[in-house]
Amino acid sequence: MSETVAVGLVGAGPWANMVHAPAIAAGPGTRLAGVWARRPEAAAELAGAHGTSAFDGLDELLDSCDAVAFAVPPNVQAELALKAVAAGKPVLLEKPLAMDLEGARRLADAVAEAGVVSQMVFSLRYTEAARAFLRTTAELEVLGGYGRFVSAGLSGGPFATPWRLERGALLDLGPHVLDMMDASLGRITSVRAHGNPLRWLGLLLEHETGAVSEVSLSMAGTDPQQSAHVEVFGRKGEARIDWQVGDDDFARMIAEFAEAVRTGTDHPLNAAHGLHIQTLLAEAESQLDL
């Protein structure tokens, strides 16, 4: 494999346009090998904007790339990523892995069996602020914390997509916050849930460190500016991070994916970690009266 990783993109929706395609095309360690999507006209438009090819089928895209990035709904990803993994392609996967635990487990198991590199788009984790925050929390002798993510995502706009409108904040925002609570306070061992993911949802978490934490999630807000942060408290101090992710952070995500592909070294935010988060989501959802 050359130093420049040829990445094929599956999906041509808003997130693919805003994040994946420009970050992959910008390199320098990657090039956009092509785009495939269920809507050929959308794939052609996105590919044309970045000087690459739109493919008629997924198999043709897989034949033309070293690795694959997915920017599709979770139910679609759970099906299509299996084909990429079966073809031996490293995969950059969206959160959540799938719409349900069965699909997530099937995909994570396939990744492990094939021995391919995998990496998840837990976007905040690629920021320098998050990495500094986690270095700080590692020294705090943590006791507990609080996470909040409130958006107006259900009120309309490009991300008011069918799966989000159906499943709400738990499946969309939940992976981000659970991942940060897990990273900063220790592996989450239990979750208790109450509320409604289409309105307001509360989670109580226990961590293997003995810490406990609380999470509030909602996509029913009215302010177009999302309100999201994580706070951690410990015997040696406290720390807070606010949710801010920019183009440089997505560039870092793509650069780390390219390095993982070149070296064959799995990223810490791999499909197995994605399955851990999805297991927590499923347990929380099972406790809700939906």
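Check each of the trypsin sites (Lys or Arg not before Pro) in the stretch 34-127 and keep only those in coil by DSSP with at most 15 other C-beta atoms within 10 angstrom; list them in order. Answer in residue order: R38. Antiparallel beta bridges, as assigned by DSSP with both residues in the chain, represent about 55 percent of the total such bridges. Summing charges over neighbours of E141, with a neighbour being any other residue whose Cβ is under 10 Å away from its Cβ, gives +1 when K and R count +1 and D and E count -1. Rg over Rh for the chain works out to 0.96, using Cα positions for both radii and the Kirkwood form for Rh.
The residue list W243, A183, Q226 was ranked by how far each Cα lies along the charge dipole of the stretch 128-244 toward its positive end, using unit charges on Cβ atoms, and Q226 comes out on top.
Treat every Asp and Glu Cβ in the stretch 1-92 as -1 and every Lys and Arg Cβ as +1, leave all other atoms uncharged, and give the resulting dipole magnitude about the Cα centre to the nearest 20 debye.
About 200 debye.
Springs join every pair of Cα atoms under 10 Å in this Gaussian network model of the chain, and among L61, L185, L140 the largest mean-square fluctuation is at L140. For the chain, a simple Cβ point-charge model (Lys and Arg +1, Asp and Glu -1, everything else neutral) yields a dipole of about 260 debye relative to the Cα centre. Structure remark: mean-square fluctuation, Gaussian network model of the chain, C-alpha springs under 10 Å; the largest value among D223, D100, D182 belongs to D223. Residue by residue, the stretch 28-34 carries 3J(HN,Hα) couplings of x, x, 9, 9, 7, 6, x Hz when phi is fed to the Karplus relation 6.51 cos²θ - 1.76 cosθ + 1.60 (θ = phi - 60°); x denotes Gly or Pro.
Each residue of the stretch 121-126 was assigned a 3J(HN,Hα) from its phi angle through the Karplus expression (A = 6.51, B = -1.76, C = 1.60, θ = phi - 60°), giving 8, 8, 4, 4, 5, 8 Hz with x at Gly and Pro.
The ranking of S64, S151, S53 by Cβ neighbour count inside 10 Å, starting from the fewest, reads S64, S53, S151.
Between A86, A44, A211, the Gaussian network model of the chain with springs among Cα atoms under 10 angstrom shows the greatest mean-square fluctuation at A86.
At 222 nm, what helix-only mean residue ellipticity would the chain give, in deg cm²/dmol to the nearest 500, using -39500 (n - 2.57) for each DSSP H run of four or more?
Result for the chain: -11500 deg cm²/dmol, rounded to the nearest 500.
For the stretch 128-244, a crude dipole built from +1 on the beta carbon of Lys and Arg and -1 on the beta carbon of Asp and Glu, taken about the Cα centre, is about 120 debye to the nearest 20. Each principal axis of the Cα cloud of the stretch 128-244 was evaluated for its coordinate range; sorted largest first, these ranges are 42, 29, 18 Å. For T189, the residues 5 or more places off, or on other chains, whose built amide H falls under 5 Å of its own are E206, H207, E208.
Applying the Karplus relation 6.51 cos²θ - 1.76 cosθ + 1.60 with θ = phi - 60° to the stretch 266-281 yields 3J(HN,Hα) values of 5, 7, x, 8, 9, 5, 5, 5, x, 5, 4, 5, 5, 4, 5, 4 Hz, where x marks Gly and Pro. Among G103, S118, L205, flag the residue with its Cα farthest along the positive direction of the charge dipole of the chain, charges on Cβ as +1 for Lys/Arg and -1 for Asp/Glu. My answer, from the dipole projection, is L205. If we count every other residue with Cβ under 12 angstrom of P73's Cβ, Lys/Arg +1 and Asp/Glu -1, where does the sum land? Charge balance in the 12 Å sphere: 0.
Across the stretch 1-96, C-alpha contacts under 8 Å between residues 6 or more apart give a mean separation that, scaled by the residue count, equals a relative contact order of 30 percent. Within a straight-line Cα-Cα reach of under 17 Å, K236 can be paired with the following aspartates and glutamates, leaving aside sequence neighbours fewer than 8 residues apart in one chain: E139, E141.
Just so you know, all these numbers are worked out from the coordinates, no wet-lab data involved. What you see is a predicted model; the values in this text were computed from it and never measured. No Cβ is skipped: glycine too gets one built from the backbone with ideal geometry, and neighbour counts run over all protein chains shown.
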